[in-house]
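The values are calculated or read from the model by the stated rules, or taken from the named source; none is laboratory data. What you are looking at is a predicted structure, and each value in this text was computed from that prediction instead of being measured. Reconstructed Cβ throughout: ideal geometry from the backbone, glycine too, with neighbour counts over all protein chains shown. With ligands, DNA and RNA removed, areas are computed over all heavy atoms of the protein, side chains included. Shrake-Rupley method; radii C 1.70, N 1.55, O 1.52, S 1.80 Å.
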Amino acid sequence: MTGTRSRRAPRPPARTAGPAAAHRLALLESMLRVRRFEERCVELYSAARIRGFMHLYIGEEAVAVGVNEALTADDAVVSTYREHGHALARGVPAEAIMAEMFGKATGCSRGRGGSMHLFDTGRRFYGGNAIVGGGLPLAAGLALADRMTGRDRVTCCFFGDGAFAEGEFHETANLAALWRLPLLLVCENNLYAMGTSLARHQAETDLALRAAGYGMVSWAVDGMDVLAVEDAAGRAAEGVRGGTGPHFLEMRTYRFRAHSMYDSDRYRDKAEIERWRERDPVEGLARRLLDAKELTDGGRTALEDRLAAEIDAAVAAAEQAPEEPVEDLLKYVTSPVEAIRP
């Protein structure tokens, strides 16, 4: 975890017990699940079996996995259009997500949302959102409802550095701090808003410093280290639950792939990408576990085989799943009459 120049309130005390070897292995498995799931999606998209827009999370897995480890089942998560990793880390089954990618009725959004609109109310995963920054006011509303009803919950909202330029961020940050909402704001700063580098759209690139200007506890985190992410998110969630108001985490991370599958990625230097690849969060944790003898080559192979079988099964189920009948296409567009309050 790295500090910023921001002036911030004292953080909650660090948890004394470090994660056990089994927990670190579980973190590796979660990150590998996201990585292998998306790599399979690339193959399927290239074969035109998945259509529409698709934004890959490859390189940023430590953020989704580490942050979700700090949340409870009662907490809420609001995501972005780059949300496969968030959904998988939240526990949405790969089979339900893959079916959604295929546009099938068994998908988590009944095939109506696709890659950018994953949703699972049972797991309090309130979706991807195709609008940049669009999830921020929704997250503030969820947090406000919890505060008004006295529920001990945290609402976690993921968004990118590009959303920092949107009015929704500043309005949400101001109201959240003013009303001391139980909101955890997680900015995934991957240095590019689509094809525009951070330095070209923000005069001050220390986003944690800027967020602190709203009176929020705020700091920057090495977003390529899942253990650092988990620790920071745990501290922040404890602070939010303790009633100290919203917390802001700037996750300094990097996407290895282009903005989307339609992006030619000509705005980044290849040497820059390779430098960040050397900090691959998945392989970095795997090396640490191997060096500590908490993982063996055979164990890594068995893990990879298990995840490959899981993803194979998800693809097979998606291929066999039904499409929504044409006569049902107008369902859920408006609320049924019986659901409308007088």
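Looking only at the range 22-72, how many residues end up being of a type in the set (Gly, Ala, Ser) and closer than 17 Å to Asp225 by Cβ?
To start, the set of residues in the range 22-72 that are of a type in the set (Gly, Ala, Ser) comprises 22, 26, 30, 46-48, 52, 59, 62, 64, 66, 70.
From what's left, closer than 17 Å to Asp225 by Cβ: 26, 30, 59, 62, 64, 66, 70.
Residues that pass the stated criteria total 7.
Mind checking which residues of the range 139-156 are of a type in the set (Ser, Thr, Tyr) and open to solvent by 60 Å² or more (accessible area, probe 1.4 Å)? Walk me through how you get there before you give the answer.
As a first pass, look at the range 139-156 and keep what is of a type in the set (Ser, Thr, Tyr): 149, 155.
Result: Thr149, single match.
Taking the range 242-264 on its own, how many of its residues are within 30 Å of Leu44 (Cα to Cα), open to solvent by less than 10 Å² (accessible area, probe 1.4 Å) and of a type outside the set (Ser, Thr, Tyr)?
3
For Gly239, state whether it is over 25 Å from Asp280 (Cβ atoms), open to solvent by less than 40 Å² (accessible area, probe 1.4 Å), part of a helix (DSSP H, G or I) and not aliphatic (A, V, I, L, M).
Numbers: over 25 Å from Asp280 (Cβ atoms): yes; open to solvent by less than 40 Å² (accessible area, probe 1.4 Å): yes; part of a helix (DSSP H, G or I): yes; not aliphatic (A, V, I, L, M): yes.
Here the answer is yes, as Gly239 does meet what is asked.
Results for (1) open to solvent by 10 Å² or more (accessible area, probe 1.4 Å); (2) assigned to a helix (DSSP H, G or I); (3) hydrophobic (A, V, I, L, M, F, W, C), shown as yes or no for each residue.
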| residue | (1), (2), (3) |
| --- | --- |
| Val63 | no, yes, yes |
| Ala87 | no, yes, yes |
| Ile97 | no, yes, yes |
| Ser109 | yes, no, no |
| Gly122 | yes, yes, no |
| Gly127 | no, no, no |
| Val132 | yes, no, yes |
| Pro137 | yes, yes, no |
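Would the range 178-194 turn up any residue that is on the phi > 0 side of the Ramachandran plot and modelled with pLDDT under 95? Walk me through how you get there before you give the answer.
Filtering the range 178-194 for residues on the phi > 0 side of the Ramachandran plot gives 180, 191, 194.
After this cut, where a residue has to be modelled with pLDDT under 95 as well, the list is 194.
Yes, the conditions are met somewhere in the range 178-194.
Across the range 197-221, what is the total count of residues that are within 30 Å of Arg151 (Cα to Cα) and part of a strand (DSSP E or B)?
Number satisfying all stated conditions: 5.
With the requirement that a residue be more than 24 Å from Thr253 (Cα to Cα) and crowded, with 20+ Cβ neighbours inside 10 Å, what does the range 27-58 give you?
Residue satisfying the conditions is Ile50 alone.
Are any residues in the range 65-76 open to solvent by 10 Å² or more (accessible area, probe 1.4 Å) and either within 11 Å of the chain's Cα centre (by Cα) or closer than 21 Å to Ala130 by Cα (or both), and if so, which ones?
Narrowing the range 65-76 to residues open to solvent by 10 Å² or more (accessible area, probe 1.4 Å): 68-74.
Hit for the range 65-76 is Asn68, nothing else.
Assess whether Tyr214 counts as being buried (at least 16 other Cβ atoms within 10 Å of the Cβ) and closer than 19 Å to Leu136 by Cα. Quick ask: steps written out before the conclusion?
Working: buried (at least 16 other Cβ atoms within 10 Å of the Cβ): yes; closer than 19 Å to Leu136 by Cα: yes.
Judged against the criteria, Tyr214 is a match.
I want to confirm something. Restricting to the range 89-118 and keeping residues that are touching a residue at least 60 places away in the same chain (Cβ under 8 Å) and among the β-branched types (Val, Ile, Thr), which single residue is nearest to Glu29 (Cα to Cα)?
Ile97
Check the range 14-26 and report whether any residue there is open to solvent by 20 Å² or more (accessible area, probe 1.4 Å), assigned to a helix (DSSP H, G or I) and at pLDDT below 95. Lay out the reasoning, then the answer.
Let us first name the residues in the range 14-26 that are open to solvent by 20 Å² or more (accessible area, probe 1.4 Å), namely 14-26.
So of that shortlist, the ones also assigned to a helix (DSSP H, G or I) come out as 21-26.
Still in the list and also at pLDDT below 95: 21-22.
Yes, the range 14-26 contains a residue that is open to solvent by 20 Å² or more (accessible area, probe 1.4 Å), assigned to a helix (DSSP H, G or I) and at pLDDT below 95.
Kindly indicate the residue of the range 273-326 that is among the small types (Gly, Ala, Ser) and in a loop (DSSP other than H, G, I, E, B) and also most open to solvent (accessible area, probe 1.4 Å) among those meeting that condition. Walk me through it before giving the result.
So in the range 273-326, the residues among the small types (Gly, Ala, Ser) come out as 284, 286, 292, 298-299, 302, 308-309, 313-314, 316-318, 321.
This time we only want the ones that are in a loop (DSSP other than H, G, I, E, B), so: 292, 321.
On the way: Ala292: 58, Ala321: 14 Å².
Among those residues, the one meeting the criterion is Ala292.
Which residues, taken from the range 174-196, are open to solvent by less than 30 Å² (accessible area, probe 1.4 Å) and either of a type outside the set (A, V, I, L, M) or over 19 Å from the mean Cα position of the chain (by Cα) (or both)? Walk me through it before giving the result.
Here is the first cut: in the range 174-196, the residues open to solvent by less than 30 Å² (accessible area, probe 1.4 Å) are 176-177, 181-190, 192-193.
Across the range 174-196, the qualifying residues are Ala176, Ala177, Leu181, Pro182, Cys187, Glu188, Asn189, Asn190, Tyr192.
Out of all the residues in the range 144-196, which are outside any strand (DSSP E or B) and hydroxyl-bearing (Ser, Thr, Tyr)? Show your work before the answer.
Residues of the range 144-196 that are outside any strand (DSSP E or B), as a first pass: 144-154, 161-182, 190-191, 194-195.
Hits for the range 144-196 are Thr149, Thr172.
Give Ala87, Ala165, Ala140, Ala94 a once-over and let me know the one that is of a type in the set (A, V, I, L, M, F, W, C) and at pLDDT below 95.
Ala165
Can you list residue pairs whose Cβ atoms sit under 9 Å apart, with the first residue in the range 171-184 being in contact (Cβ under 8 Å) with a residue 12 or more places away in the chain and the second being surrounded by fewer than 16 Cβ atoms within 10 Å (Cβ to Cβ)? Count only pairs 6 or more apart in sequence or on different chains.
Cβ pairs passing all conditions: Ala173/Gly213; Arg180/Gly243; Pro182/Arg151; Pro182/Asp152; Pro182/Gly243.
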